[in-house]
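Peer 1: Sending over a structure as structure tokens; questions will come in a sec.
The values are calculated or read from the model by the stated rules, or taken from the named source; none is laboratory data. Owing to the predicted nature of the structure, the values given are computational and were not obtained by experimental measurement. We place every Cβ from the backbone using ideal geometry, glycine too, and count neighbours over all the protein chains shown. The protein model used for the area step is the full one, side chains on, heavy atoms only, and it has no ligands, DNA or RNA in it. Shrake-Rupley method; radii C 1.70, N 1.55, O 1.52, S 1.80 Å.
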Amino acid sequence: MARKGNDKGNGKRNDKGNEWWRTAVIYQIYPRSFADANGDGIGDLRGITSRLPALQRLGVDAVWLSPFFRSPQRDAGYDVSDYTEVDPLFGTMADFDRLVTTAHDLGLRVIADMVPNHTSSDHKWFQEALASPPGSPQRDRYIFRNGRGRNGDRPPNNWRSVFGGSMWDRVTGADGQPEQWYLHIFDSSQPDLNWENPWVRERFKDILRFWLDRGVDGFRVDVAHGMIKKAGLPDYRPPKAVASMGGGQGQKDQEVDDPPYWGQDGVHEIWREWHEVLAEYPGDRVLCAEAWVAPLAKVALWVRPDEMNQAFNFDYMFAGWTAKDQRRVIDESIAAFGAVGAPATWVLSNHDVIRHASRLALGADSPQGDGIGPRSKGKPDPVLGLRRARAATALMLALPGSAYLYQGEELGLPEVIELPDSARQDPTWFRTRGRKYGRDGCRVPIPWEAAAPAYGFSPTGASWLPQPPEWAAYARDRQEGVPGSTLTMYETALRLRRGKRLGSGTLEWLPEFARSTAVVAFRNRDVVVVANLGRAWVTLPEGRILLESEPTHIGRNGRPMLAPDATAWIETTERPASAR
Ligand code: NOJ
Ligand code: CA
């Protein structure tokens with residue numbers, strides 16, 4: 001029987017079977033950097049609620065909130081110490097309820113971020129495990145092992161943490177002597193749970209129901225590829241190509257076996273159980289997987305009909321800015337997800353990677369995954385980066401399926417490179433002793449009003465990471481209603497995407513450009529999309545121009561021409577499906 005749930009606002013949400021997520025544009029809010037209502041320099045739930053109308057105007061369908069649960073914030077909330085409480089840093093449960101009601105009244109769905117692979121070391125389960133002897137049920141909720149070597153003073157295996165250093169830390173026993181080791185794929189303050197243990201599984205079902213009862217429309221699931229480890233925890237030697245994104249969170253084109261802690265078959269049983277939990281609720285709730293595995297045909301296993309609904313498309317995110325790479329990844333995505341009946345997804349930025357307005361202009365000597373900072377080589381050209389970012393987004397938002405946006409990209413924000421060392425907070429920065437800058441550069445609080453303190457982020461002007469002086473020019477109020485601004489381009493693209501039902505359309509490559517080394521061109525319903533990734537201007541096909549990421553010009557032949565690193569949408573007449 002379906003549960004009642006606390007279905008706040010928006011009656012449409014009760015329709016089962018409309019599967020809104022198949023075509024949704026989902027906007028990621030990183031709560032600490034979105035909007036600060038109480039002036040302490042850290043974004044909060046009341047701040048988010050106050051700014052939701054701006055997201056409705058932007059034209060997105062849903063918001064995904066990065067974690068706001070109780071946490072010591074050693075990994076910015078991805079280290080949860082209580083899954084059913086709001087961290088006081090972000091507000092109260094009443095603030096959360098108001099956020100959900102307001103969002104639903106505005107027609108926006110709300111997706112929470114579940115972090116099941118690990119807890120914070122402050123979580124009471126881990127504290128109980130530490131206080132209990134080896135072999136106890138409390139220890140069995142986590143992954144404790146004896147060390148190697150005569151005194152057990154070497155870690156149980158050679159696995160390396162994604163954030164740098166060993167994946168194991170040793171605990172001290174009740175007698176004050178060094179004792180067992182525990183596993184942590186990420187920071188030492190993020191011990192991995194033992195998902196072979198049915199007790200752990202049951203607790204998380206309770207946690208899912210807790211938030212579903214409060215009206216959330218689904219979950220983005222953190223590290224959805226990591227929860228089951230290969231039996232026996234064998235040593236692992238990573239091939240060179242996988243050693244990026246902090247130790248192999250993901251990498252394009254790898255045809256290698258997954259490490260023994262990623263992508264193990266056992267994770268799928270968990271997703272089948274979670275699928276059942278969501279099905280108990282009215283309306284269509286969604287599970288989105290963060291699964292850094294390759295190739296895409298493997299990612300598609302996470303979104304089989306009885307598992308999750310969507311998985312982030314990291315292959316797309318990291319595809320090269322060439323016509324060939326873009327066509328390849330789009331074809332592969334539609335084929336891989338389509339083979340299991342899931343929508344393709346598209347994403348260019350999030351809180352873990354260099355913003356695409358910088359990344360798309362990065363040189364080979366400043367690799368993705370390590371972050372970029374003052375001492376990095378090959379810093380990206382911001383003008384070229386923004387131009388490419390706008391072209392890439394205009395291309396992405398015309399693709400069929402579901403797309404993810406990361407807060408601030410609609411303003412064209414670049415990665416902040418010149419952050420002082422003293423301001424950095426990412427555990428990657430500390431665990432690699434500054435060898436890797438980490439992710440702070442994409443997490444700087446976003447600008448709303450050019451002339452306000454902290455550009456409208458916080459009433460007091462406080463900001464947990466310093467905002468660069470040049471960000472006034474990117475502020476939302478400088479771009480709203482301004483023709484040609486990045487914000488206007490996003491709004492136009494989202495409005496057209498919805499009006500012309502591009503999310504549920506079909507992609508068909510234009511034959512005349514199918515092998516072009518410069519141009520990516522396709523039709524989706526009655527829109528033809530042309531992206532120019534080459535160096536020369538390109539003559540556009542006939543039709544009314546609906547959207548342009550850069551101004552088009554009339555060429556000598558009297559036809560509109562598209563500049564390099566630009567995308568245009570052109571209206572044509574929709575051909576009947578039989579003619580395709
Ligand atoms: C992926 C999250 O997106 C990232 O921010 C976090 O550090 C790790 N998972 C660990 O939870
Ligand atoms: Ca605050």
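Peer 1: Run the quick spin-label model on Thr322 and Arg535: label points 7 Å from Cα toward the beta carbon, then report their separation in nm to one decimal.
Peer 2: 1.4
Peer 1: Let me ask something else about it. Once Lys and Arg get +1 and Asp and Glu get -1 on their Cβ, which of Ala423, Ser463, Tyr404 lies farthest toward the positive end of the dipole of the stretch 390-465?
Peer 2: Ala423
Peer 1: Right, next: With every protein chain left in place and a probe of 1.4 Å, what is the accessible surface of Thr345, to the nearest 10 Å²?
Peer 2: 0
Peer 1: OK, next. Can you give the log10 of the normalised intensity I(q)/I(0) at q = 0.23 Å⁻¹, computed with Debye over equal Cα scatterers of the stretch 117-214?
Peer 2: Each listed q maps to, in turn, -1.24.
Peer 1: Something else about it: Calculated FRET efficiency, Arg495 and Arg304, Cβ-Cβ r, R0 30 Å, to nearest 0.05?
Peer 2: E(calc), rounded to 0.05, equals 0.35.
Peer 1: Further question on the same structure: At 222 nm, what helix-only mean residue ellipticity would the chain give, in deg cm²/dmol to the nearest 500, using -39500 (n - 2.57) for each DSSP H run of four or more?
Peer 2: Per the formula, -7000 deg cm²/dmol.
Peer 1: Enter the mean projected area of the convex hull around the alpha-carbon atoms of the stretch 1-152, in nm², rounded to one decimal.
Peer 2: With the hull built on Cα positions only, its mean projection is 13.0 nm².
Peer 1: Please work out, to two decimal places, the log10 of the ratio I(q)/I(0) at q = 0.15, 0.17, 0.22, 0.24 Å⁻¹ from a Debye calculation in which every Cα of the stretch 37-127 carries one identical scatterer.
Peer 2: Log-scaled intensity ratios, in q order: -0.59, -0.73, -1.08, -1.20.
Peer 1: Which distance in Å, rounded to a whole number, links the C-alpha centroids of the stretch 324-349 and the stretch 480-507?
Peer 2: Comparing the Cα centres of the stretch 324-349 and the stretch 480-507, I get a distance of 20 Å.
Peer 1: If only Cα atoms are counted, what is the Rg of the stretch 303-443, and what is its Dmax, in Å?
Peer 2: According to the Cα coordinates of the stretch 303-443, Rg and Dmax are 16.1, 48 Å.
Peer 1: Taking every alpha carbon pair in the stretch 451-580, what does the distance histogram look like in 5 angstrom bins from 0, in percent?
Peer 2: All Cα pairs, binned at 5 Å, distribute as 2, 9, 16, 17, 15, 12, 9, 8, 6, 4, 2, 0, 0 percent.
Peer 1: Can you pull a Stokes-Einstein diffusion coefficient for the chain at 20 °C (1.002 mPa s), Rh from Kirkwood over Cα pairs, as a whole number of µm²/s?
Peer 2: 87
Peer 1: Return the FRET efficiency for the residue pair Ala450, Glu508: r is the Cβ-Cβ distance, R0 is 45 Å, and the value is rounded to the nearest 0.05.
Peer 2: With a Förster radius of 45 Å, E is 0.60.
Peer 1: Reported to two decimal places, what Rg/Rh ratio describes the stretch 360-479 when computed on Cα atoms with Rh from the Kirkwood expression?
Peer 2: Ratio value, two decimals: 0.98.
Peer 1: Fully extended, how many nm does the chain gain between Ala473 and Asn146 (0.36 nm per residue separation, minus their Cα-Cα distance)?
Peer 2: Length gained between Ala473 and Asn146: 112.1 nm.
Peer 1: Could I ask something else about it? Per the Debye formula with a single identical scatterer at each Cα and no solvent contribution, what log10 I(q)/I(0) holds for the stretch 431-523 at q = 0.15, 0.16 Å⁻¹?
Peer 2: At q = 0.15, 0.16 Å⁻¹ the computed log10 ratios are -0.84, -0.86.
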